[in-house]
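The structure appears below as structure tokens.
Read-outs throughout are calculated quantities, based only on the coordinates presented, and are distinct from any laboratory measurement. Keep in mind that what you see is a predicted model, and the values were worked out from it rather than measured. Cβ: placed from backbone, ideal geometry, glycine included. Neighbour counts: every protein chain shown.
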Amino acid sequence: MAFIIIAAFFLLSSNSVAEEAESSTLPVHLNLKEAAKISPETSGDIDRVAIEEKYSSHESNPGAGTPASTRTKGDWKSMGTWESDAVIYDTSIDNVIFNLWWVEDLSDEDYDAALDLQWTVYVDGTEIYQFTDESGQECDEDQGASKDDPCEYLATPDTALSTTLTTGQKISIEVEMKSFQSIYIFYDNLSRDSGMKVVTNAIIFGNTAISGNTVSFEFITSWPANCQEAVDGNFITLIVSGVELDNSQQSSGYPKISEGGRYDINGTQIESEKITWIIDEEYAKLDQSIISFSYSRKTSSTTEPTMINVMENLGPNSVGSSEDDEGLLGLPGFNSILAIFSIIFISFCRREV
């Protein structure tokens with residue numbers, strides 16, 4: 001009997017060990033958020049109104065014999081500094097692209113804004129990078145722009161930003177402006193996702209699974225973000241038989257967001273998030289399904305979704321017979337353990353007889 005107990009212990013232990021996570025890089029957009037935060041999270045609420053702020057740097061410059069209305073751009077005006085949460089594992093950052101939704105104050109005097117922008121990146125409050133763009137951007141009626149239809153500033157710097165945040169560090173962005181005219185900026189909603197795109201290992205994909213008529217996958221984010229927003233906004237979706245499923249059309253309770261397995265990243269065990277879809281089509285080819293993953297709108301000019309082939313990422317014990325088969329007592333693989341335990345027990349009893 002002692003042998004049975006020991007065997008069961010090792011079987012249970014083997015199913016609770018954290019798996020090794022493979023780190024890879026992918027594009028992630030860090031959004032300017034309310035409360036001076038930056039995050040991969042994009043609001044999935046189509047009714048959420050973007051935050052709108054007005055800024056001005058220009059000054060009157062009468063001078064001798066010049067009209068009183070002559071202006072200079074003035075000095076750099078800070079529009080704010082946005083800071084991330086601390087990363088939960090060492091996180092690389094490369095290949096930056098900056099973007100900002102903005103429009104000139106169309107009720108102001110008719111000056112061309114010639115907007116200049118300066119982006120400064122900090123790690124734990126220490127400057128590590130600065131990009132100054134004095135190309136003089138315009139966004140007014142001549143571009144067909146309005147507050148309801150602003151312009152998107154988009155810039156890829158010539159100088160590289162490449163760094164690694166160690167566990168516990170925070171990154172922040174300060175944005176400054178100079179302009180002949182007052183401007184409005186917009187951020188933190190589905191269609192006004194101002195911020196910066198980077199190539200990073202801040203999102204690590206774990207295992208996928210097919211269980212009955214459900215498909216699920218696990219992932220880890222170095223910067224905390226609300227996964228529900230990505231589901232609500234159809235940023236993370238499932239493609240079955242070539243058709244991308246609308247998350248809002250799933251059966252009640254799906255897609256389901258839950259805790260996933262634990263993964264080992266640089267010697268630290270980190271719990272993943274898990275998304276599960278249910279498939280109603282009787283003959284759906286689940287083994288050919290693909291997960292389309294992004295934390296931003298998929299029509300974004302800065303960030304394309306990453307495609308994950310479900311079959312190529314299947315984890316151990318990843319094919320089950322029911323939609324919520326997680327094993328007895330919530331232990332993965334417990335049903336298999338129970339079956340093995342029963343065989344050993346019956347064999348033991350027969351020898352005793």
query: Which shape class, rounded, prolate or oblate, goes with region 235-284 when its Cα gyration tensor gives a ≥ b ≥ c as root eigenvalues, a/c under 1.5 marks rounded, and past that a/b bigger than b/c marks prolate?
result: prolate
Sorted largest first, extent of region 28-199 alpha carbons per principal axis (Å): 61, 38, 26
task: Provide, for region 28-199, the number of lysine pairs with alpha carbons under 26 Å apart, each pair being eight or more places apart or on different chains.
output: 27
- line: With a Förster distance of 22 angstrom and the Cβ-Cβ distance between Lys256 and Glu304, calculated FRET efficiency to the nearest 0.05 equals 0.25
query: Between Glu281 and Asn266, 0.36 nm times their residue separation minus their Cα-Cα distance comes to what?
result: 1.3 nm
- request: Could you tell me the largest-minus-smallest coordinate of the C-alpha atoms of region 99-165 on each of the three principal axes, in descending order and whole angstroms?
  value: 43, 21, 20
query: Quick one: length gained pulling Asp133 to Ser162 fully straight, 0.36 nm per residue minus the C-alpha distance?
result: 8.5 nm
query: Over region 28-199, what is the relative contact order in whole percent, taking alpha-carbon pairs under 8 Å and six or more residues apart?
result: 42
task: Could you line up Val243, Val231 from fewest to most neighbouring Cβ atoms inside 10 Å?
output: Val243, Val231
- request: Classify region 207-263 as rounded, prolate or oblate from the Cα gyration tensor: take a ≥ b ≥ c as the square roots of its eigenvalues, call it rounded if a/c is under 1.5, otherwise prolate when a/b beats b/c and oblate if not.
  value: oblate
query: How much length is gained on full extension from Ala36 to Glu312, taking 0.36 nm per residue of separation minus their Cα-Cα distance?
result: 95.4 nm
statement: Heads up, region 165-284 by the C-alpha gyration tensor (a ≥ b ≥ c square roots of eigenvalues; a/c under 1.5 rounded, else a/b over b/c prolate, else oblate) looks oblate
- prompt: Hey, with R₀ at 51 Å, roughly what FRET efficiency would Thr25 and Asp108 work out to, going by the Cβ-Cβ distance, to 0.05?
  reply: 0.75
- line: Measuring from its Cα centre, region 178-318 shows a charge dipole (+1 at each Lys and Arg Cβ, -1 at each Asp and Glu Cβ) which, in debye to the nearest 20, is 520
task: At 7 Å along the Cα-to-beta-carbon direction for both Thr126 and Val199, put a label point, then send me their distance in nm to one decimal.
output: 2.6
query: Per-residue HN-Hα couplings for region 247-256, Karplus 6.51 cos²θ - 1.76 cosθ + 1.60 at θ = phi - 60°, whole Hz, x for Gly and Pro?
result: 4, 6, 9, 5, 4, 3, x, 10, x, 9
- request: Beta carbons within 10 angstrom, averaged per residue: use that to sort the peptides 254-263, 281-290, highest first.
  value: 254-263, 281-290
- request: Estimate the FRET efficiency between Ser60 and Asp148 by the formula 1/(1 + (r/R0)^6), using the beta-carbon distance for r and 41 Å for R0, to the nearest 0.05.
  value: 0.85
- prompt: From the phi of every residue in region 272-283, what ³J(HN,Hα) in whole Hz does the Karplus formula 6.51 cos²θ - 1.76 cosθ + 1.60 yield, where θ is phi - 60° and glycine or proline is x?
  reply: 8, 9, 10, 10, 10, 9, 10, 10, 8, 5, 5, 10
Amide hydrogen neighbours beyond the local backbone of Lys37, cut-off 5 Å, H modeled: Glu83
field: Whole-angstrom gap from region 155-180 to region 213-265, using each part's C-alpha centre
entry: 30
- line: Once phi for every residue in region 139-148 is put through the Karplus expression 6.51 cos²θ - 1.76 cosθ + 1.60 (θ = phi - 60°), the whole-Hz ³J(HN,Hα) values, with Gly and Pro written as x, are 7, 9, 4, 5, 8, x, 8, 7, 5, 7
- request: Highest first, please rank the peptides 189-198, 75-84, 217-226 by the mean number of other Cβ atoms sitting within 10 Å of their residues.
  value: 189-198, 217-226, 75-84
